[in-house]
Amino acid sequence: MSDDSRPSPPATPAAARTAAVIPAAGRGVRLGPGAPKALRALGGTPMLIHAVRAMAASRAVSLVVVVAPPDGAAEVKSLLDAHALPERTDFLVVPGGQTRQESVKLGLDALPPGYDIVLVHDAARPLVPVDTVDAVIEAVREGAPAVVPALPLADTVKQVEPAATPGEPEPVVATPERALLRAVQTPQGFDRATLVRAHETVTGEVTDDAGMVEQLGLTVVAVPGHEEAFKVTRPLDLVLAEAVLARRRLNDGF
Ligand code: CTP
Ligand code: MG
């Protein structure tokens, strides 16, 4: 037998190209009236631009797909043109849908071939540090089909019987052991084929993409998240985000 009959080497996972899909099509109802949440300013720059820069900060990420508010794709395109972004990264903008799940699916549909690893990152988490992004990518490269950044909880969590009328007392039915719980953030990282299959087959309400992969019966792993990867959800979160930016500016000054 000649050497030619040897099986070809396995695809090198380290060479896999990574794309990030950023769902940014939500209104931000909990933040209160105003522009769509992703377009609100943080330190004078739209939240979405911070989120795009946070993904593009990883040297592994060579494409960012922004899923814009359904009627705001043109505005988002010109925002991306107007802000300095790394040369090594390509950008695409597609209009989003009625739910986060739909928006992510629309982003995935727009992904060109050649990207084997996909990150899904909320525009509403503008301040995630690059080390967290890289840790997620690394775990996917090492073979996990789905990876979530996660943090232990500060608060004890109770399961309740939800009241029919908001504000009414709710009976507590259980207290899960806090040490076993994690609060999950983004970017979540995936083997692309797995995430596409999850979005094609899983129906019903889910609040994150990894949850869909769990429903396929596959193992999702958690890597350490970061407190600066918090989601801007309510008005107080904007105050915290501005404070984090101010602290960064101060530290950069030294
Ligand atoms: N998202 C999206 N398409 C939707 C709904 C949400 O792309 N139809 C995105 C949001 O833009 C956000 C991320 O999903 O970046 C996480 O959602 P969330 O924080 O809930 O944002 P909103 O849905 O905009 O906020 P709210 O639920 O308060 O309206
Ligand atoms: Mg929402």
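If you take the residues in the range 222-244 that are more than 14 Å from R125 (Cβ to Cβ) and in contact with a Pro (Cβ under 9 Å, 6 or more places away or on another chain), which one is nearest to ligand 2 (Cβ to nearest atom)? If we take residues in the range 222-244 being more than 14 Å from R125 (Cβ to Cβ) and in contact with a Pro (Cβ under 9 Å, 6 or more places away or on another chain), then A222 is nearest to ligand 2 (Cβ to nearest atom). Against the numbered list (1) in a helix (DSSP H, G or I); (2) touching a residue at least 40 places away in the same chain (Cβ under 8 Å); (3) surrounded by 16 or more Cβ atoms within 10 Å (Cβ to Cβ), D131 comes up short only at (3). Looking only at residues that are closer than 15 Å to V244 by Cβ and open to solvent by less than 10 Å² (accessible area, probe 1.4 Å) in the range 22-53, which one is farthest from ligand 2 (Cβ to nearest atom)? So, considering only residues that are closer than 15 Å to V244 by Cβ and open to solvent by less than 10 Å² (accessible area, probe 1.4 Å), the one farthest from ligand 2 (Cβ to nearest atom) is L42. Sub-6 Å Cβ pairs linking a first residue in the range 104-124 that is over 23 Å from E138 (Cβ atoms) to a second residue that is surrounded by fewer than 22 Cβ atoms within 10 Å (Cβ to Cβ) and among the small types (G, A, S), at least 6 apart or interchain, are L106/G97, ordered by first then second residue.
Checked against the criterion of being closer than 17 Å to E102 by Cα, touching a strand residue (DSSP E or B) at 6+ places or on another chain (Cβ under 9 Å) and surrounded by 11 or more Cβ atoms within 10 Å (Cβ to Cβ), the candidates D191, D209 yield just one match: D209. A198 - would you say it is assigned to a helix (DSSP H, G or I), surrounded by fewer than 13 Cβ atoms within 10 Å (Cβ to Cβ) and not basic (K, R)? No, not satisfied.
The values are calculated or read from the model by the stated rules, or taken from the named source; none is laboratory data. No experiment lies behind these values; they were computed from the predicted model shown. For neighbour counting, all protein chains shown are included, and Cβ atoms are generated from backbone atoms with ideal geometry for every residue, glycine included. Areas reflect the complete protein model, heavy atoms only, side chains present, ligands, DNA and RNA absent. Shrake-Rupley method; radii C 1.70, N 1.55, O 1.52, S 1.80 Å.
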